[in-house]
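The values are calculated or read from the model by the stated rules, or taken from the named source; none is laboratory data. Keep in mind that what you see is a predicted model, and the values were worked out from it rather than measured. Virtual Cβ from ideal backbone geometry, glycine too; neighbours counted across all protein chains shown. When the accessible area is computed, the model is the full protein with side chains, heavy atoms only, and any ligands, DNA or RNA have been set aside. Shrake-Rupley method; radii C 1.70, N 1.55, O 1.52, S 1.80 Å.
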Amino acid sequence: MRVVAADGSGAQKLGLSKGLVVQELGWDDDTDDDLRADIEDIIDAEMLDEDAIEVIDVVVLWWRDDDGDLTDALIEAIGPLADDGYLWVLSPKTGRNGHVEPSEVSEAAATTGLTQTSVINLGDWTATRLVQPKSRGSR
């Protein structure tokens, strides 16, 4: 797993680019509106919500300690994900209200068959990139 440097815009750090279909899950009053706007600027579209029926390239999942079962949320999130799609789990940094232990993200990822590849510092949030196995097969 690599830790990405803190330079560049939030959306650039997340590896997002114009034309990607991005779904946002877990939005609440505490989410980073500047990061959300940056993501929409760089993909040149609005992020889709949980009711989207499109095939998704990237899921941005805002997740807090009291949001429920992360494993269940990841299972739901990977359903519409493209074969080469990936997820970013954004959780409050250590010391912030709603902080999620990194081990919880790792365990939930492993349980759902996802692999954690990098962690990025995004201000008050920590973003963890989760990818699907290469042998998932086509749908």
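Summary table below
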item	result
Near pairs, Cβ below 9 angstrom, 6+ apart or cross-chain, from region 53-82 (among the hydroxyl-bearing types (Ser, Thr, Tyr)) to any residue that is open to solvent by less than 50 Å² (accessible area, probe 1.4 Å)	Thr71/Ala108; Thr71/Ala109; Thr71/Thr112
Residue identified as within 15 Å of the chain's Cα centre (by Cα) and small (Gly, Ala, Ser) among Ala52, Ala73	Ala73
Pairs with Cβ under 9 Å, 6+ apart, first in region 108-123 and at positive phi, second of a type in the set (A, V, I, L, M) and surrounded by 15 or more Cβ atoms within 10 Å (Cβ to Cβ)	Gly113/Ile78; Gly123/Leu35
Residue within region 125-133 that is loosely packed, with under 15 Cβ neighbours inside 10 Å and in contact (Cβ under 8 Å) with a residue 40 or more places away in the chain present	no
Hits in region 86-119 - residues which are surrounded by fewer than 21 Cβ atoms within 10 Å (Cβ to Cβ) and in a strand (DSSP E or B)	Tyr86, Pro92, Thr115, Gln116, Thr117, Ser118, Val119
Selection status of Asp72, outside any strand (DSSP E or B), acidic (Asp, Glu) and open to solvent by 40 Å² or more (accessible area, probe 1.4 Å)	yes
